[in-house]
2 protein chains.
Amino acid sequence: MARVTYHHGNLREALVDAGLELTRSGGAGAMVLRDATRQVGVSPNAAYRHFADRESLLGAVAVAIQERMSDRMESYVAPAPAGQSGARARLTAVGLGYIDFAIAEPGWFEVAFAGTRQHSDTATPAPLARLLEALDALVASGELDRAARPGAEWPCWSAVHGFALLALTGPLRDLPAEAVRAAARRTVEAIITGLLG
Amino acid sequence: MARVTYHHGNLREALVDAGLELTRSGGAGAMVLRDATRQVGVSPNAAYRHFADRESLLGAVAVAIQERMSDRMESYVAPAPAGQSGARARLTAVGLGYIDFAIAEPGWFEVAFAGTRQHSDTATPAPLARLLEALDALVASGELDRAARPGAEWPCWSAVHGFALLALTGPLRDLPAEAVRAAARRTVEAIITGLLG
DNA sequence: TCCACTATGTTGACAGCGTACACATGCTGG
DNA sequence: CCAGCATGTGTACGCTGTCAACATAGTGGA
């Protein structure tokens, strides 16, 4: 894959792709700037023409991950709306989708959300947007009081986000997968019940 | 504070203390091994007589932080038990204490719980032990069905842990403190209601 | 058509990091 | 009193992120 022209042509995107590959297995710590440039076949400093520093590249990778995560969450939502309470099922699906993505792609999840870095790039990360939509639908269906809507995303996001982290790095880490799934479902149900009740 | 004897005398503890100081403001990334040894007035390699590597020292610091956190959570619990449902108030206090510690000491919280590192040192981190006690009390008071007790800690911990992270590095970061407190209370109430209901 | 400009990539260097290996020091028990 | 062991030091290595100076090439105006 050796480059033949002096200029790469699409280095920025190529570096983000390399970052995706590196972080997928190793998390944020594996996003070594020199590794990314090596993988692309470019000198380390070439990265600085497109990103201010390592952190900035990592931020771009995080945004790319958030979009993938949002896509996967939508694939969970799609089959859900059949049933009596489509809106509630949809919210449940969004939550479980979030958790499943975190468990399936721990490295990516860490970069997208678990890092200490502020992800101020996007005002609203794509997965959060999916949650907001689901909550709005719950208001539209009359299941959630309109007055209770503002701020309702925080309990929801807190629960699924926290659960994802416990499942990845916390004590749920080495439970059998089925037990983890059951705990996830219970957590999501509990927070929704608590919110509506 | 120059040392006069060749041997330090209590290097292990001194390094943990240095780690506490470093991480308090800068989080896990600020725990630079060479900085810790410099601060103690010892050569970098001296640390390796007490810790296998940087990660191991960081783990010891994390345990120390967890104990401080547990102490602070107990100070929240103490004034609570007066009232009709002492057990429920106690659980609420544990949750809010967890969140308040995280907001008050973001660097420490990151090391103790937010890091990607597995904290397998202690089987049950001290703050989690406080939560388990509060849940047991809820069973004893009859408010939580005994059959629902196993695994009840996961929804609870998920909610407060997730909230703490959102408040530190997520979108709740730059809300006014009062709004954050309100959201925290709502989150804790919601998860408890969802659990009992 | 040519040429200056600008965007993009390279080379070389630096300080700082975690850590390995060999050595120095000093406490402690037989 | 001395051997052995725990503890601390010195030196060195490879790696990292990043800076400054330079090389290359695509591009728009004369």
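The values are calculated or read from the model by the stated rules, or taken from the named source; none is laboratory data. It should be emphasised that the depicted structure is a prediction, and the values quoted were computed from it without experimental measurement. All Cβ positions, even for glycine, are placed from backbone atoms using ideal geometry, and neighbour counts span all protein chains on display. Each accessible area value is taken on the protein alone, full model and side chains, heavy atoms only, with ligands, DNA and RNA left out. Shrake-Rupley method; radii C 1.70, N 1.55, O 1.52, S 1.80 Å.
Couple of notes before you dig in:
- Segment A:38-197 - percent relative contact order, Cα under 8 Å, separation 6 or more: 25 percent
- Farthest towards the positive end of the charge dipole of the protein assembly as shown, among the residues B:His8, B:Leu195, A:Leu58, is the Cα of B:His8, using unit charges on the Cβ of Lys, Arg, Asp and Glu.
- Cα Rg, Dmax (largest Cα-Cα span) when computed across segment A:56-197, Å: 14.8, 45
- Dimensionless Rg over Rh [the protein assembly as shown; C-alpha; Kirkwood]: 1.01
- Pairwise Cα inverse-distance average, inverted: Kirkwood Rh of segment A:115-197 (Å): 14.3 Å
- Exercise: per-residue mean of other protein chain Cβ atoms within 10 Å, B:170-178: 3
- Karplus-derived 3J(HN,Hα), 6.51/-1.76/1.60, for each residue of segment B:7-19, Hz, glycine and proline x: 8, 6, x, 8, 5, 4, 5, 4, 5, 5, 4, 4, x
- Couplings for segment B:178-193, taken from phi via the Karplus curve 6.51 cos²θ - 1.76 cosθ + 1.60 with θ = phi - 60°, read 5, 5, 5, 4, 5, 5, 4, 4, 4, 5, 5, 4, 5, 5, 5, 4 Hz in order; Gly and Pro are left as x.
- Here the ratio of the Cα radius of gyration of segment B:19-82 to 2.2 N^0.38 Å is 1.42.
- Placing +1 on the Cβ of every Lys and Arg and -1 on the Cβ of every Asp and Glu, with no other charges, gives chain B a dipole of roughly 220 debye about its Cα centre.
- Computed from point charges on the beta carbon alone (+1 for Lys and Arg, -1 for Asp and Glu), the dipole magnitude for the protein assembly as shown about its Cα centre is near 420 Debye.
- Heavy atoms of A:Thr37 accessible to a 1.4 Å probe, total area in Å² rounded to 10: 0 Å²
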